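Report on the structure given below.
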Amino acid sequence: MAGKSKSKTPSAGLWKREQGWDKLKAGEEKALEKYCAEYREFLSQAKTERLTHDFLVKRAIEAGFEELEKAIGGGRKLKAGAKVYRSYGDKTLMLIRVGKAPLTEGMNLVGGHSDCPRLDAKPYPLYQEDDLLLLDTHYYGGIRKYQWVAMPLALFGVVILRNGKKVNISIGDQPDDPVFVITDLLPHLDTEAGKKTLADGINGEALNVLVGSRPVDKKEDDKDCKDKTKLRILRLLKETYGIEEEDFFSAELELVPAGAARELGLDRSMILGYGHDDRVCAYSGARALLDSTGIPYRTQVALICDKEEIGSYGATGMDSTFLENTVAELLEACGEYRGLDLRRALERSKMLSADVTALHDPGFASVSSPNNMSRINCGLAVTKYTGSRGKAGASDASAEFASEVRKIFNDANVVWQSCELGKVDVGGGGTISHYMARYGMDVIDCGVGLFSMHAPWEVAGKLDIYMAWKGYKAFLENKFLVK
Ligand code: MN
Ligand code: MN
């Protein structure tokens, strides 16, 4: 199902899905490898939504972007070619390149999410059992819990101290750092436990992370304290970070797989990493915008949002009005704002909801719809609808918009494929697309296919990753001239 170049005569009717390596232009394989190496570095460094935000803001500033509020300070206006960004809660981010056309003609948006499934520390996380100090977690997003035990975990996040000081935590990804783990049962003793289903084998309350085992030294002992391992670690936290136990209430601490993203396979044709969903699309959308040159015709927006994995609620999720608020600010700064203009700008926008999808996995063929699932390295996966069991909850893209998107990709030699999530009755999923469709804008899901989605280590094909960047860039740069 690869895109056909406009210069070629269409074949006699067979629309074949095949690997895209042979379709690369001269020199493109080198560009693909360079892009994937840069993506791998990003994926290894930016393991949380805050770190993704900070990484991309740094890149934007290096590319000459200015914070929106500063750029319009003192009533300054924005002109075509202006490059600005807006942050929300240090998590959600909008990168914007102002175009020549009035905003009321609509914008081109590519939007992905930077939050990934993980284990969050509870607000009262530390407790001792025997001499062991454990950290209690509440999982974030849909996970298969048995996958998260007996593997090294790293801890990232922020803690706000009593005095208001924000402390950044990053433990487990440097070579000399300690790591953490959830212990698992040995097979020698699993005669009964081994009969449980995968869903029951490890439940949510069993996701307790081992963080210490050594009680305080006798000479430092506090006779009244029974939890001597906890006491040692609380003293260590106070000494190292100034953290007291109550500060865990004003913290966001995430346990994620420790270690860097790696090239996968003897042929190095894939990448194994934590959080491809959806940092592969969020990064590719941001890079597509940052790599665009010249003054665009339509205003371009790369949206990197939070909270998708738990339903997009909250001030930093797509259910919030930050997009509307920011577009209102832009209209005002471009000298155009009236209430109706905001409605028009949003309604006439076009969007790629940039999120991952499932690859056809021969190991799990029973849940697959082979002709309608994406295949690895067959290109950017375009999904007309998500939802589940009868398209419930889907934002079903129109034939007209599907036709526009197909033409953009074919004209730009983007290798792409059509897909849906799996067999119709077995499950499903959603993305941010319906939050955008609410404004009346055209939106279609479009991203990278994965193996092991939501597992600690997910698999993506390099060709698909590169084609996401290429496709998003072609879309952002399209004029969508009003007929
Ligand atoms: Mn996703
Ligand atoms: Mn997901």
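The values are calculated or read from the model by the stated rules, or taken from the named source; none is laboratory data. What you are looking at is a predicted structure, and each value in this text was computed from that prediction instead of being measured. Side chains are part of the model used for accessible areas, which takes the heavy atoms of the whole protein and leaves out ligands, DNA and RNA. Shrake-Rupley method; radii C 1.70, N 1.55, O 1.52, S 1.80 Å.
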Note on the chain: the mean projected area of its alpha-carbon convex hull, in nm², is 27.1
For region 298-329 and region 54-127, what is the separation of their C-alpha centers, rounded to whole Å? 10
Share antiparallel - DSSP beta bridges, the chain, percent rounded to 5: 70
Hey, what angle do you get for helix 276-291 against the long axis of the chain, alpha-carbon based, 0 to 90 degrees rounded to 10? 50
Would you kindly calculate the mean projected area, averaged across all directions, of the convex hull enclosing the Cα atoms of region 118-257, in square nanometres? 10.1
With eigenvalues of the C-alpha gyration tensor scaled by 5 and rooted, region 312-425, Å: 34, 18, 12
The chain, accessible area per residue, ligands and nucleic acids excluded (1.4 Å, Å²): 47
Taking only Cα atoms, what is the 0 to 90° angle, nearest 10, from helix 322-333's long axis to the longest principal axis of the chain? 50
In this structure, among Lys100/Lys307; Lys16/Lys423; Lys25/Lys479; Lys145/Lys226; Lys16/Lys384; Lys145/Lys165, pairs with alpha-carbon gaps over 26 Å are Lys100/Lys307; Lys145/Lys226; Lys145/Lys165
Solvent-accessible area, 1.4 Å probe, carbon plus sulfur percent, for region 167-280: 54
So, with a 1.4 angstrom probe, what is the percent of accessible area on region 89-138 that is carbon and sulfur? 50
Angle check, please: helix 462-476 long axis (alpha carbons) against the longest principal axis of the chain (alpha carbons), in degrees 0 to 90, nearest 10. 50
